[in-house]
């Protein structure tokens, strides 16, 4: 009886300590991520929430009262012809920049994926724009693309092409900004592609060579599918990054001439900090959040299925 | 294992909490020290632009601090007018605004009406040192918002016509420059040499457009800011004039963001014979002319039916809601900065206008005008000086107008009347 009793107590004690251990195990992860959650809430969730709150108000940034205006910022924004042009510009800029950068750097990566001093040098050279600040790059290209005194037109003049007003004509200004973005992006993309190419096992290529497969066929049937995780990654970060282009526009064109280079983030800045329409700017911010969010979801849901992941 | 986990968690929490505590303590003690250190009232002053203009600001503040021992002013550079304004607004929203700052004159209305700047009228009325009559009346228009004074003229300017007098003489023209639009057109034509130089190179500048609308005797906005009037007779005539001269190839109008820099470059290289720009750039342009070996002359903006030129630059303003002690310090500083001696110093240092009549009459300025008469043109032109529109939406309206003017200049079929009507249609809702 005593034995049974003491056995029971022991059992109960064990159970109790197991229970407290269970509690601790359940709580510990939350305790561990608590500091991170605070930072996330303070610097990500709160600003996003405040932006959504402001998008329903009319406010000039300083006046003590924010007037609640319901959805009128949204209806005004969606009917705004300027905003429609801004959206068109943003999409055109993003798709052109990403597709051009990816195709050019893929070709470069295929060429540079060899051993040798020259390849290393070229790789270093095309990577260098990536480490220069965008502000310096913008200033540099403003001079290169100057209509009358720029390097680019001087060079084209040698071939008998007359001066092109790169940044000052609404027909060429967006293209000029795309050129700068592609020039800056190629080095980084090429580097990632080369890393991707080098992680493809060599034995597949040996097998293909034994079967006398043509180079083109090898590229489309082997290299491209094996490279798809890299391609997928670069497309996503490229699109999300170029939707948020700001520095080059702010420095090189200020969105002009005639809004031909005005994109969403610059439009938000212009309305918020130059025209002091914070509510309106926040509304455009909400739209940007939705656009980027939708694209991210589409890509993860649809494309991830077609991506070949190596096991 | 379990204990180590618990220990780490506690450690993290303690560190996070103590870090927060430290921070608060740190800032608190710093504030105490600063005010205890010197028995002087400390105020902060924000200004725009670097180079000569920045040096002028820093020098004046240093002179003020040395001249007395009650107030200590800290001057801080904040970029261009746009940057200065947005930083001031953000700082005000964070209850951390500088006590004294600058308002570009077209922005006086926004700041005053949203309650950011202090009404200076009571300070002026209670201070026998200030003689309002002595401020140049041509510069006072933008000081008043709804009948009260919110700022005093500080670094003020007006656009003038700069000419390469050497090229004018070569073309057989009077180097004194064109008086009206008709002569202006003749000058442009005579100064254009195919493939070599153009009569004038200019940006699509709304400031200059204001001068051309003013020359037709009209304003950009109705006097009560209820609607735009730049699409009236004067505005249409001005844009038709620009478009005709541009199509003939004797006036080169640059679109885009670097247009103003391009115009300066063309003028410096002798690829254009004339340009419009602020009087604030006079010192700089005299140096450019000397470097490139040509003679520089200045003249009024060409007149048409009449003359009406905008003024520009910035007024000194005081932030609203300060403690009486800080208010008094800020007022003393503003008063000192806009006094006769200081406006003479600033004008000589930069080329900005002397804002006081007694300064213009002073021996110092008069001997400068005798020596370098180019400095006097802007002062004389002030008799036609007008205030800039101060509607809250004017920055946005300017952008819309510049876009439509550019469109009309680029598209041969878009008539100036249609372009300006379109701009008015987009701008008017912003004024209601």
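The values are calculated or read from the model by the stated rules, or taken from the named source; none is laboratory data. Because the structure is predicted, anything quoted here is derived from the model rather than measured. A quick note on method: Cβ atoms are made from the backbone with ideal geometry, for glycine too, and the neighbour counts reach across all protein chains shown.
Here residue B:319 meets each of (1) farther than 30 Å from residue B:94 by Cα; (2) within 14 Å of chain A (Cβ to nearest Cβ); (3) in contact with a strand residue (DSSP E or B) (Cβ under 9 Å, 6 or more places away or on another chain) with one exception, condition (1). All conditions but one from (1) farther than 19 Å from residue A:255 by Cβ; (2) in a helix (DSSP H, G or I); (3) within 14 Å of chain B (Cβ to nearest Cβ) apply to residue A:63; the one that does not is (2). Within the set B:233, B:277, B:229, the sole residue that is without any contact (Cβ under 8 Å) to a residue 60 or more places away in the chain, touching a strand residue (DSSP E or B) at 6+ places or on another chain (Cβ under 7 Å) and away from chain A (no Cβ under 14 Å) turns out to be B:229.
All told, residue B:389 falls short of being over 29 Å from residue B:284 (Cα atoms) and away from every other protein chain (no Cβ under 12 Å). Of all the criteria given as (1) surrounded by fewer than 18 Cβ atoms within 10 Å (Cβ to Cβ); (2) in contact with a strand residue (DSSP E or B) (Cβ under 8 Å, 6 or more places away or on another chain); (3) closer than 16 Å to residue B:382 by Cα, the one not satisfied by residue B:361 is (2). Starting from residues that are surrounded by fewer than 24 Cβ atoms within 10 Å (Cβ to Cβ) and touching a helix residue (DSSP H, G or I) at 6+ places or on another chain (Cβ under 7 Å), keep the ones in segment B:128-142 and report whichever is nearest to residue B:176 (Cα to Cα). That would be B:138.
Do you know which residues across segment B:301-324 are under 14 Å from residue B:161 (Cβ atoms) and at pLDDT below 90? Within segment B:301-324, just B:307 meets the criteria. All conditions but one from (1) more than 24 Å from the chain's Cα centre (by Cα); (2) part of a helix (DSSP H, G or I) apply to residue B:380; the one that does not is (1). Could you tell me whether segment A:35-49 includes any residue that is closer than 30 Å to residue A:264 by Cβ and in contact (Cβ under 8 Å) with a residue 12 or more places away in the chain? Looking through segment A:35-49, at least one residue is closer than 30 Å to residue A:264 by Cβ and in contact (Cβ under 8 Å) with a residue 12 or more places away in the chain.
Is segment B:239-256 home to any residue that is under 22 Å from residue B:420 (Cα atoms), part of a helix (DSSP H, G or I) and within 14 Å of chain A (Cβ to nearest Cβ)? For segment B:239-256, residues under 22 Å from residue B:420 (Cα atoms), part of a helix (DSSP H, G or I) and within 14 Å of chain A (Cβ to nearest Cβ): present. Within the set B:296, B:286, B:322, the sole residue that is in contact with a helix residue (DSSP H, G or I) (Cβ under 6 Å, 6 or more places away or on another chain) and touching a residue at least 24 places away in the same chain (Cβ under 8 Å) turns out to be B:296. One residue stands out among those in segment B:257-267 that are facing chain A (nearest Cβ under 8 Å) and touching a residue at least 60 places away in the same chain (Cβ under 8 Å): the one that is surrounded by the fewest Cβ atoms within 10 Å (Cβ to Cβ), which is B:266. When residues in segment B:61-86 are screened for being within 14 Å of chain A (Cβ to nearest Cβ), without any contact (Cβ under 8 Å) to a residue 60 or more places away in the chain and surrounded by 19 or more Cβ atoms within 10 Å (Cβ to Cβ), 3 of them pass. Quick check on segment A:270-284. Is at least one of its residues away from chain B (no Cβ under 14 Å) and out of contact with any helix residue (DSSP H, G or I) (no Cβ under 6 Å at 6 or more places or on another chain)? Scanning segment A:270-284, I find no residue that is away from chain B (no Cβ under 14 Å) and out of contact with any helix residue (DSSP H, G or I) (no Cβ under 6 Å at 6 or more places or on another chain), so the answer is no.
Each residue in segment B:402-420 was checked for being assigned to a helix (DSSP H, G or I), without any contact (Cβ under 8 Å) to a residue 40 or more places away in the chain and surrounded by fewer than 23 Cβ atoms within 10 Å (Cβ to Cβ), and 2 of them qualify. Candidates B:369, B:384, B:394: the one that is within 11 Å of another protein chain (Cβ to nearest Cβ) and either touching a strand residue (DSSP E or B) at 6+ places or on another chain (Cβ under 8 Å) or surrounded by fewer than 20 Cβ atoms within 10 Å (Cβ to Cβ) (or both) is B:394. The sole residue among A:141, A:183 that is within 14 Å of chain B (Cβ to nearest Cβ), in a helix (DSSP H, G or I) and under 22 Å from residue A:262 (Cβ atoms) is A:141.
Taken over segment A:147-170, the criterion of being part of a loop (DSSP other than H, G, I, E, B) and either in contact (Cβ under 8 Å) with a residue 12 or more places away in the chain or closer than 18 Å to residue A:182 by Cβ (or both) is satisfied by A:147, A:148, A:150, A:163, A:164, A:165, A:166, A:167, A:168, A:169, A:170. Selection within segment A:239-261: residues that are over 16 Å from residue A:141 (Cβ atoms) and free of Cβ contacts under 8 Å to residues at least 24 places away in the same chain. The member of this set that is farthest from the other protein chains (Cβ to nearest Cβ) is A:241.
The set of residues in segment B:65-83 being within 28 Å of residue B:282 (Cα to Cα) and in contact with a strand residue (DSSP E or B) (Cβ under 6 Å, 6 or more places away or on another chain) consists of B:75, B:76, B:78, B:81. Of the residues making up segment A:229-249, one or more are under 18 Å from residue A:145 (Cβ atoms), in the same structural domain as residue A:85 (by TED's automatic domain parsing) and not in a helix (DSSP H, G or I).
With respect to residue B:97, is the statement that it is within 14 Å of chain A (Cβ to nearest Cβ), buried (at least 20 other Cβ atoms within 10 Å of the Cβ), touching a strand residue (DSSP E or B) at 6+ places or on another chain (Cβ under 9 Å) and modelled with pLDDT under 90 true? In short, no. Against the numbered list (1) surrounded by 20 or more Cβ atoms within 10 Å (Cβ to Cβ); (2) within 14 Å of chain A (Cβ to nearest Cβ); (3) over 25 Å from residue B:131 (Cβ atoms), residue B:270 comes up short only at (1). No other residue among A:268, A:237, A:178, A:264 is surrounded by fewer than 19 Cβ atoms within 10 Å (Cβ to Cβ) and within 24 Å of the chain's Cα centre (by Cα) apart from A:237. So, residue B:286, is that one at pLDDT below 95, surrounded by 23 or more Cβ atoms within 10 Å (Cβ to Cβ) and assigned to a helix (DSSP H, G or I) or not? Considered against the rule, which asks whether it is at pLDDT below 95, surrounded by 23 or more Cβ atoms within 10 Å (Cβ to Cβ) and assigned to a helix (DSSP H, G or I), residue B:286 comes out as no.
This table checks each residue for (1) under 23 Å from the mean Cα position of the chain (by Cα); (2) within 28 Å of residue B:114 (Cα to Cα); (3) in the same structural domain as residue B:284 (by TED's automatic domain parsing); (4) at pLDDT 90 or above.
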position	(1), (2), (3), (4)
B:359	yes, no, no, yes
B:386	yes, yes, no, no
B:402	yes, yes, yes, yes
B:407	no, no, yes, yes
B:418	no, no, yes, yes
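Could you check segment B:109-146 and list, in sequence order, the residues that are in contact with a strand residue (DSSP E or B) (Cβ under 6 Å, 6 or more places away or on another chain) and either in the same structural domain as residue B:221 (by TED's automatic domain parsing) or closer than 19 Å to residue B:84 by Cα (or both)? Listed by number, the residues that qualify are B:109, B:111, B:112, B:117, B:118, B:143.
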